[in-house]
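Everything on this sheet refers to the single structure shown next.
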Amino acid sequence: MEGYDNKEGYGKNNRDEIFSNAVRAGKRTYFFDVKATRKNDYYLTITESKKRYDKEGNYSFEKHKVFLYKEDFDKFSEGLLEALDFIRASNKENEKVEELFVTEEQNTSSELIEGLEAETYSNVEFEDLSE
């Protein structure tokens, strides 16, 4: 097995370095890597990478991978888009409810303040309290 990686056609770089895109998102980094099989069929790996620290302060990267093959591209993308649309629609509904709540709360506060301003107060002196 010695020299296996150096043999022509078997080097990792000959088939793996097709395309790569790293997306930093907060504490995570997502890697979208297009790779090829020995028969030159392309597939996608999606890797989530997160930096983790141990008790001594040393760090390592926790990685999770998904392999997506060309026969699954359409169904995967349909499912992903459907899930994203659901999340966006749900967030819009939540934003509308929050907006309605905040608007009603502001109206109630405004009405309360206006009501307080409308009331007339009498001027009370400390001497009046002692009697």
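Could you list all residues from region 21-39 that are closer than 21 Å to residue 76 by Cα and either free of Cβ contacts under 8 Å to residues at least 12 places away in the same chain or part of a strand (DSSP E or B) (or both)?
Across region 21-39, the qualifying residues are 21, 22, 23, 29, 30, 31, 32, 33, 34, 35, 36.
Looking for something surrounded by 11 or more Cβ atoms within 10 Å (Cβ to Cβ), at pLDDT 90 or above and aliphatic (A, V, I, L, M) - is there at least one such residue anywhere in region 77-96?
So far as region 77-96 goes, no, none of its residues is surrounded by 11 or more Cβ atoms within 10 Å (Cβ to Cβ), at pLDDT 90 or above and aliphatic (A, V, I, L, M).
Return a yes/no flag: does region 38-60 have any residue that is loosely packed, with under 12 Cβ neighbours inside 10 Å, small (Gly, Ala, Ser) and modelled with pLDDT of 95 or more.
no
The values are calculated or read from the model by the stated rules, or taken from the named source; none is laboratory data. Treat the numbers as computed from the prediction; the structure is a model and nothing was measured. So basically every Cβ, Gly included, is an ideal-geometry build from the backbone, and we count neighbours across all protein chains shown.
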